1. Once you mark the trypsin sites (Lys or Arg not before Pro) that are in a DSSP loop and have at most 16 other Cβ atoms within 10 Å, what is the longest gap between them in the chain?
2. Using the scaling law 2.2 N^0.38 Å as the reference, what is the normalised Cα Rg of region 2-248?
3. Cross-link list K36/K193; K34/K180; K2/K235: which exceed 30 angstrom alpha carbon to alpha carbon?
Amino acid sequence: MKYTVFSAMMLGPRTKQEDCLLDGIDLFQLNQLKEKKIIDTDFLLLGICDGMGGHDHGETASRFVCEQIKKKFNRTMFRADNVKTILTEIQDSTAKHLPENCGTTVAGLMIMDGQTIVFNAGDSRVYKISKSKMDYISHDHSLVQGLVDKSFIHKDSASSHPLKNIIDFGIGPLFNDMWKNFKIHFFEEFISKDTWYLLCSDGVNDLMNEEEMHGILMPSPIENGNILFQALQKKGLKDNTSFIILEMGIQ
């Protein structure tokens, strides 16, 4: 299968780039990136990690986890149970390799044999894009999402909630105790015609909702990736801001 991938990163107002992304081939942690690739493969792996802002060595945590995912994930483990096992192993290894007070979110997407497995921990997101709409198919592990899940607040007010950036779960020593209470989120489906995917750190969805992004990206998400890049800058970046757009090609 041939895939087209558009990847983008911006430093924003931060002094360090705490996002790290995997575009199916290469791993990036740059202050600015705009790159398009065509990838011909029978197994595709994309990922975004967002190191915890305000904590020690967030950039180290995001890069470590992204590197481990790139190293350990392959076509032989294409099952949600295997993803859970490997992410648990990565979580255990962070205690040996990372400072005590750091962590990262992770959002990933794998495709093989026409099937997609989406996974995430934290609030980095994966969206499914069709011609008519954009669906949020990952699930935030955050204080505010917990309030939405329990119907204490409406989902439309979540993006403006003052506590929206408090994360309940992720990978790293910071989240050791949380692994007893939370689970990796999974979404699985078979790929369909005229479908795209967007992975992003919260620097993107903190600035734009699904309707805004869909309006900018359609009808050609890959070609319009640069327009989204510019539109986010015009909004005024509040954080490290990274995204990946995926388009399925032909067999």
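Nothing in this text is a laboratory measurement; each read-out follows from the coordinates by a stated rule. Note that this is a predicted model, so its numbers are computed, not measured. Counting neighbours? That spans all protein chains shown, and the Cβs are built from the backbone with ideal geometry, glycine included.
1. Answer - 17-78.
2. 0.93
3. Too far apart for the 30 Å limit: K34/K180; K2/K235.
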